[in-house]
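Encoded as structure tokens, the structure appears first; notes follow it.
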Amino acid sequence: MILTKFMRNNRLDLLNPYIGKWKTEGLTQSGEVITGTDTYEWIEGGFFLMHKIDVTFNKKKIQSLEIIHYDDMEDVFRSQSFDNAGKIAISTLKIYDDIILIFADTERFKGNFKGNTIEGLWEQFNGNSWEPWMDIKLTKIEH
């Protein structure tokens, strides 16, 4: 077996502002409340970012584990998440200065870093067009 040491891409450093625990608050277009926490931490070695989600969404407990990595070939971040309902989601993330964009098949997000907060809008694809789904705000509570 040949083991190869990988070089860490410096673009991964764009994820450093995420590191920590965040208070999560949101409201869907239909009035459903989202509350809980998001926690981001590097997996040893710094090649993969682990994102744990623990929220209540319309009185339903949602827990998810997401792993984010950098795709050198496409110059984007990729993620795969797994939730407590058995759902697996694959997304693409782009970061430009303080702008965060997340794209998946039926959901997308556009948000901004503002100090120790991330604020943005999730949209869902209804089969024909994108519609606003929920406003979300994360406030950093631990570094």
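Just so you know, all these numbers are worked out from the coordinates, no wet-lab data involved. All values derive from a computational prediction rather than experimental measurement. Positions of Cβ are backbone-derived with ideal geometry, glycine not excepted, and every protein chain shown enters the neighbour counts.
Here are a few things to note about the model shown:
- Cleavage-rule hits (GluC sites (Glu not before Pro)) in the stretch 38-143: DSSP loop, at most 16 neighbouring Cβ within 10 angstrom: Glu44, Glu74
- With a cut-off of 11 Å between beta carbons, the residues surrounding Leu101 carry a summed charge of +3, where Lys and Arg count +1 and Asp and Glu -1.
- Were the residues from Leu121 through Glu41 laid out at 0.36 nm apart, the gain over their Cα-Cα distance would be 26.5 nm.
- Put in order of Cβ neighbour count within 10 Å, fewest first, the listed residues Met7, Met73 become Met73, Met7.
- About the centre of its Cα atoms, the stretch 1-139 shows a dipole size close to 340 debye [charges on the beta carbon of Lys, Arg (+1) and Asp, Glu (-1) only; nearest 20 debye].
- Option label - mean projected area of the Cα convex hull in nm² computed here, alternatives (i) 9.4; (ii) 8.7; (iii) 10.2: (iii)
- Counted charge near His69, where neighbours are those whose Cβ lies closer than 12 Å (Asp, Glu -1; Lys, Arg +1): -1
- The longest stretch of the chain left intact once loop-based chymotrypsin sites (Phe, Trp or Tyr not before Pro) with at most 14 other Cβ atoms within 10 Å are removed from consideration, loops following DSSP, is 48-143.
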